[in-house]
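What follows is a single structure, written as structure tokens, with notes after it.
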Amino acid sequence: MEILVMVGQLILGLSILVGLHEWGHLITAKMFGMRVEKYFIGFPPKIWSIQRGETEYGFGAVPLGGFVKISGMVDESLDTKNLTAEPEPWEFRAKPAWQRLIVMLGGIIVNVITGIIIFVAITYSEGYDYIATKDVKYGIVAHKLGQEIGLRTGDKIVAINGKPFDDFAEVRKVFLESNSYYTVERNGEKVDIYVPNNFIEKISDKKNAGEFIDPIYPFSIREVTPGMPASKSGLLAGDKIVKVNNQPIQFYHEIRDALSNLKSKKAVLEIDRKGKIVTLNVDVPEEGKIGFAPELGLKTTHIDYSFGESIAIGTQKAFSVVTDNIRGFGKIFRGEVSASKALSGPIGIAQMFGGIWDWGRFWFLTGLLSMVLAFMNILPIPALDGGHSVLLIYEMVTGHKPSDRFLEAAQKVGMVILLGLMVFAFGNDIFKLFR
């Protein structure tokens, strides 16, 4: 069922974004009097269509893209049989280069607008919740990857790349940068901890999920799962675990570690229940989890934004997706990370949506993908909008239009490149699944 939910969210998100992208091409083409023969969401074979005027609107069976077919344009259909004749007034090739350029950029522009609208709406409706760095007063828990770069449990991160920071979530933003470092307070001294340039490879590997750092949290019991050992032992919401087998417990990572060391064994829990100490006996399962959700005891700061503030902040968040992608590609080109570990295809994207339908996460990821789709399409690869745009800019600057034969050859080369990238993306996703 979880797989169906993942796939359903991916298909819905991509259908929305592809439909809007292709609509951007369609509306700009019609605006300049070009004939649009087809508008399809999904690739052939066709599963449904309807004719409206000169345009056939429909859905294809392969929901990983879409297309518009504009008369007189060399596109992925490679339909060039009519290009030897004189161009008709309604054809793409008959229009001025600046109009053709706007048509090629129409899909990208619509995706950028879509991404901005989604991020603005999320910012305005939800505001922002974060843990301020000053409120991480007990320091951090350094898990395996944190320890690997030199962080220790109890460290207090006070600066990133030499600059103080307010939002504790910023500790993860350094992975896309080079030569980054944390400054931590440790035993009354300040120590610089450098982050390896290829650290993003390890941190983004799903098998390393949760293996970097967390704030040290005081905790109480927020919820107990029915039928699990905690519930059977008598643990209640509001309880505070103060000892496990006579080992004092104050923070959440301590109870997690204590239970992990008692897998398939019995544990004696001492509970502070409204000021009274209660002793409970619990059987710890093989996975080391007894079935409770913690109430984490660090202050969370919430900010609500006005609509005007949301426009500015949402727009900045949308374009930060593009800048993050540029940084990521920069790391790949510099050889700091491998493409196979840094890139994901449809399977990886579906996993990002998760197996539970969460509309908040769905719209956040859809907004993110809208900006990624715009960024990928602007790349100067033949067969992509960016490749077509480069040739049109060349025509506008030089006054010389590339021949239809050259455009056809470029389209074929671009399609080979894109098919190769698709095979790589799918293969890489499958490899990650079984690694």
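Extending 7 Å from the Cα toward the beta-carbon at both GLU177 and VAL397 defines two label points whose distance is 3.3 nm.
Please work out the Cα convex hull volume for segment 7-111 and give it in Å³ per residue.
Working: hull volume 10.2 nm³, N = 105.
Once divided by residue count, the hull of segment 7-111 is 97 Å³.
By the scheme Lys and Arg +1, Asp and Glu -1, what is the net charge of all other residues having a beta-carbon under 9 Å from that of LYS38? Each step should come with its number before you reach the end.
Values: positive: LYS69; negative: GLU37, GLU56.
Local net charge: -1.
Could you check which residue among ASN161, ASN325, ASN187 shows the biggest mean-square fluctuation in a GNM of the chain with a 10 Å Cα cutoff? Sorting by GNM fluctuation, first place goes to ASN187.
I'd like to check one number: the per residue accessible area of the chain, probe 1.4 Å, reported in Å² as a whole number. Provide the component values of the computation, followed by the final result.
Numbers: 23200 Å² over 435 residues.
Per residue, the chain has 53 Å² of solvent-accessible surface.
Can you give me the convex hull volume of the Cα atoms of the chain, divided per residue and expressed in Å³? Show your work: numbers first, answer last.
Values: hull volume 81.6 nm³, N = 435.
So the per-residue hull volume is 188 Å³.
Local charge for THR300 was computed over the other residues whose Cβ lies under 9 Å away, with Lys and Arg +1 and Asp and Glu -1, and equals -1.
Could you work out which residue, out of GLY297, GLY314, GLY188, moves most in a Gaussian network model of the chain, that is, has the largest mean-square fluctuation with Cα springs under 10 Å? Comparing GLY297, GLY314, GLY188 in a Gaussian network model of the chain, the most mobile one is GLY188.
Highest mean packing first, where packing is the average number of other Cβ atoms within 10 Å per residue, the peptides 138-149, 104-115 line up as 104-115, 138-149.
If a spin label sat at a point 7 angstrom from the Cα of VAL278 along the line to its beta carbon, the backbone N atoms of segment 217-243 nearer than 19 Å would be those of 219-243. With the biggest extent put first, the Cα atoms of segment 175-263 measure 51, 35, 22 Å across the principal axes.
How large, in percent, is the carbon and sulfur part of the accessible surface of the chain at a probe radius of 1.4 Å?
On the way: 14070 of 23200 Å².
Result for the chain: 61 percent of the exposed heavy-atom area is carbon or sulfur.
The gain in end-to-end length when the ASP166 to GLU211 segment is fully stretched comes to 13.9 nm, 0.36 nm per residue minus the alpha carbon separation. Remark on segment 100-254: Rg and Dmax equal 21.1, 75 Å (Cα only).
For segment 312-435, how many pairs of lysine residues have a Cα-Cα distance under 26 Å, where the two are 8 or more positions apart or belong to different chains? Before the final figure, lay out each step's value.
Working: LYS317/LYS331; LYS317/LYS341; LYS331/LYS341; LYS331/LYS432; LYS341/LYS432; LYS401/LYS412.
So the count of such lysine pairs works out to 6.
Could you work out the local net charge near SER260, counting Lys and Arg as +1, Asp and Glu as -1, over the other residues with Cβ closer than 14 Å to its Cβ? Result for the local shell: 0. By definition, a body whose alpha carbon gyration tensor gives a ≥ b ≥ c is prolate when a/c is 1.5 or more and a/b is larger than b/c, and segment 222-358 fits this prolate description. The alpha carbons of segment 293-334 give a radius of gyration and a Dmax of 16.7, 43 Å, in that order.
The values are calculated or read from the model by the stated rules, or taken from the named source; none is laboratory data. Not measured: the values here are computed from a predicted model. Neighbour counts are summed over all protein chains in view; Cβ atoms, including those assigned to glycine, are modelled from backbone coordinates with ideal geometry. These area figures cover heavy atoms from the full protein model, side chains too; ligands, DNA and RNA do not enter into them. Shrake-Rupley method; radii C 1.70, N 1.55, O 1.52, S 1.80 Å.
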